[in-house]
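Below: the structure, in structure tokens.
Nothing in this text is a laboratory measurement; each read-out follows from the coordinates by a stated rule. Keep in mind it's a predicted model, so treat the numbers as computed, not measured. Methodologically, a virtual Cβ is constructed for each residue, glycine included, from the backbone with ideal geometry; neighbour enumeration extends over all protein chains shown.
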Amino acid sequence: MLKRNQLIGANFSFQHHPFRWTAEQLAAMGFERMELWGIAPHLDLFHDDRTRLAEVKSILADNGLAVRCFTPEQVLYPINIASGDAAFREASVERFLRAADLCAELGARYLFLTPGRGFECESREVAWAHSVQSVNRIAAHARSLGVACLLEPLQRLESNIVTDAGTLEAFWRALDGEGIDIVLDLVAMATAGDSVEGYFERFGQRIAHVHVVDGTPAGHLAWGDGNLPLDAYLAALGAHGYAGTLTFEPFGNGSYALDPVAAWRRCLDAIAPHLDRADDE
């Protein structure tokens with residue numbers, strides 16, 4: 001059975017609230033670790049100055065929160081490490097080298113990466129090569145700082161490079177070095193027709209982080225707002241002895257952003273029967 005202390009907080013859906021308020025809410029929910037989504041105005045890759053970083057670290061300390069992984073926005077923002085435009089691609093990689101620096105300063109274990117997207121009118125092989133080269137550069141810099149990386153596939157509407165467990169495995173094996181672990185996003189898994197069992201067959205204990213999200217099957221929804229069999233997915237994670245972290249990722253500017261605490265508390269209530277609290281005694 002999964003442990004309660006494997007479940008960590010995150011600032012997904014809190015983008016229209018100040019970071020201090022967000023940290024206070026997460027601490028009130030009992031979290032001691034979090035995935036830090038790199039969104040403005042919390043901590044993004046376009047406005048990160050020393051004063052802002054010091055403020056974020058102070059807020060985290062005040063609320064007893066540690067950062068498990070830093071996840072800069074890289075799907076919606078003008079960042080694309082696999083772009084067919086060389087100048088744009090280079091600028092994107094440079095920002096992620098800085099993101100690795102931020103990880104180190106935050107004391108985070110992981111920097112969260114996605115493969116980016118190539119031009120749709122160019123061959124997938126070109127985009128693949130660009131992405132592998134970029135991820136290798138970022139991961140090498142992160143390793144030099146004592147930071148590991150997480151790699152997550154994207155849905156086809158988001159990427160034309162790594163969109164299912166099969167292409168994720170091929171991409172992962174094409175990379176240099178050992179410091180890259182795997183993210184299992186339950187919506188990305190479901191939309192690709194993959195399974196928890198299939199992920200463990202391919203990656204085993206290299207799966208280090210899970211996004212627990214509902215969908216239809218797409219959509220990053222709060223538990224119960226979609227129709228995915230999340231109970232079965234969580235049971236499968238437990239059966240495979242999953243020892244990494246989990247968090248929720250209710251996403252968007254709709255009702256979740258208007259009242260993120262309500263969305264998170266619904267998710268917490270739904271997942272509670274799947275978590276062993278013996279470690280909290």
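With in a helix (DSSP H, G or I) and either in contact with a helix residue (DSSP H, G or I) (Cβ under 6 Å, 6 or more places away or on another chain) or within 22 Å of F251 (Cα to Cα) (or both) as the only criterion, which of V132, V67, V126, V75 stands out?
V132
List the number of the failed condition for G219; all other conditions in (1) over 29 Å from A66 (Cβ atoms); (2) touching a Cys at 6+ places or on another chain (Cβ under 8 Å); (3) of a type outside the set (A, V, I, L, M, F, W, C) hold.
(2)
List every residue pair whose Cβ atoms lie under 7 Å apart, where the two residues are 6 or more positions apart in sequence or sit on different chains, the first residue falls within segment 243-260 and is touching a residue at least 12 places away in the same chain (Cβ under 8 Å) and of a type in the set (A, V, I, L, M), and the second residue, located anywhere, is surrounded by 17 or more Cβ atoms within 10 Å (Cβ to Cβ) and not in a loop (DSSP other than H, G, I, E, B).
As it stands, the answer is L246/Q6; L246/L7; L246/V210; L246/V212, since those pairs meet every condition given.
Testing T216 on (1) under 26 Å from V93 (Cβ atoms); (2) among the polar types (S, T, N, Q); (3) touching a Leu at 6+ places or on another chain (Cβ under 9 Å), one condition comes back false. Which one is that?
Just one mismatch for T216, condition (1).
List, please: which pairs have Cβ atoms under 6 Å, are six or more places apart or on different chains, and start with a residue in segment 141-158 that is on the phi > 0 side of the Ramachandran plot and end with one that is in a helix (DSSP H, G or I) and crowded, with 18+ Cβ neighbours inside 10 Å?
none
Contact list please: Cβ distance under 8 Å, first residue in segment 205-222 and buried (at least 16 other Cβ atoms within 10 Å of the Cβ), second residue basic (K, R), pairs at least six apart or on different chains.
Hits for this filter: H209/R68; A222/R266.
Restricting to helices (runs of 4 or more DSSP H) lying wholly in segment 183-281: which have 1 or more residues that are over 25 Å from R20 (Cα atoms)?
Result: 186-191, 196-203, 230-239, 260-271.
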